[in-house]
């Protein structure tokens, strides 16, 4: 949570099913590691990619290819942000001022980064042009960062007079770790917007085989 007191994380449990291999939910636990994790999701929904509004009022997440949010001042019942006729919406990222939500969708047949008003879900602007995913807002809400292949991109945003999208530029190239597609961004932006935190592989994994000769001697 924005106040730093609790952490929300995705939890999976193996289940036997023809259609899925795990049951996912969002749990909350004290940031100091004490206490027992508690579920913050109704049984009918499975949460992924959780993100909070800066004031702690809204929790936004994706479920079954759609984006949902919970208003903790308005009854705590999940509401669907938008209903796509085709494709999926995932990886929500809320602007610092809480007015716009960036997300990843393949509604055009290709995964691109889009933005919409929050929490109304009105309007839709495409931010990437040659594919994109894993959006993050800058500290001043004047840029959205996203990943295109192995390139970290930035696109300028002017939301003061309407919503104007600038030209995307490449910041640098970096092979980001993504353990699970569309559920782990592999990077983040510091609150002051001056640095990127990037997850890298610790090293190249090299499978090893140990061959023991004359092993029977050990039992004599």
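The values are calculated or read from the model by the stated rules, or taken from the named source; none is laboratory data. Keep in mind the model is a prediction, meaning the values are calculated, not measured. Glycine also receives a Cβ, built like all others from the backbone with ideal geometry; neighbour counts cover every protein chain displayed.
Can you report the number of residues in the range 60-81 which are surrounded by 13 or more Cβ atoms within 10 Å (Cβ to Cβ), under 19 Å from the mean Cα position of the chain (by Cα) and at pLDDT below 85? Within the range 60-81, residues that are surrounded by 13 or more Cβ atoms within 10 Å (Cβ to Cβ), under 19 Å from the mean Cα position of the chain (by Cα) and at pLDDT below 85 number 0.
Each row is one residue, and each column tells you yes or no for (1) modelled with pLDDT under 85; (2) in contact with a helix residue (DSSP H, G or I) (Cβ under 8 Å, 6 or more places away or on another chain); (3) assigned to a loop (DSSP other than H, G, I, E, B); (4) within 24 Å of residue 62 (Cβ to Cβ).
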site: 155; (1), (2), (3), (4): no, no, no, yes
site: 161; (1), (2), (3), (4): yes, no, yes, no
site: 167; (1), (2), (3), (4): no, no, no, no
site: 172; (1), (2), (3), (4): no, no, no, no
site: 184; (1), (2), (3), (4): yes, no, yes, yes
site: 188; (1), (2), (3), (4): no, no, no, yes
site: 203; (1), (2), (3), (4): yes, no, yes, no
site: 206; (1), (2), (3), (4): yes, no, yes, no
site: 209; (1), (2), (3), (4): yes, no, yes, no
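Of all residues in the range 104-127, those that are at positive phi and in a loop (DSSP other than H, G, I, E, B) have Cβ atoms under 7 Å from Cβ atoms of residues that are buried (at least 19 other Cβ atoms within 10 Å of the Cβ) and modelled with pLDDT of 95 or more, 6 or more apart or on another chain, in 123/116.
Quick check, is residue 57 over 22 Å from residue 186 (Cβ atoms) and at pLDDT 90 or above? For residue 57, the condition - over 22 Å from residue 186 (Cβ atoms) and at pLDDT 90 or above - is met.
Remark: pairs (first residue in the range 150-169, touching a residue at least 60 places away in the same chain (Cβ under 8 Å); second residue not in a strand (DSSP E or B); Cβ separation under 7 Å; 6+ apart in sequence or on different chains) = 159/99; 159/141; 163/123.
Considering every residue within the range 77-88, establish whether at least one is under 20 Å from residue 186 (Cα atoms) and in a strand (DSSP E or B).
Within the range 77-88, not a single residue is under 20 Å from residue 186 (Cα atoms) and in a strand (DSSP E or B).
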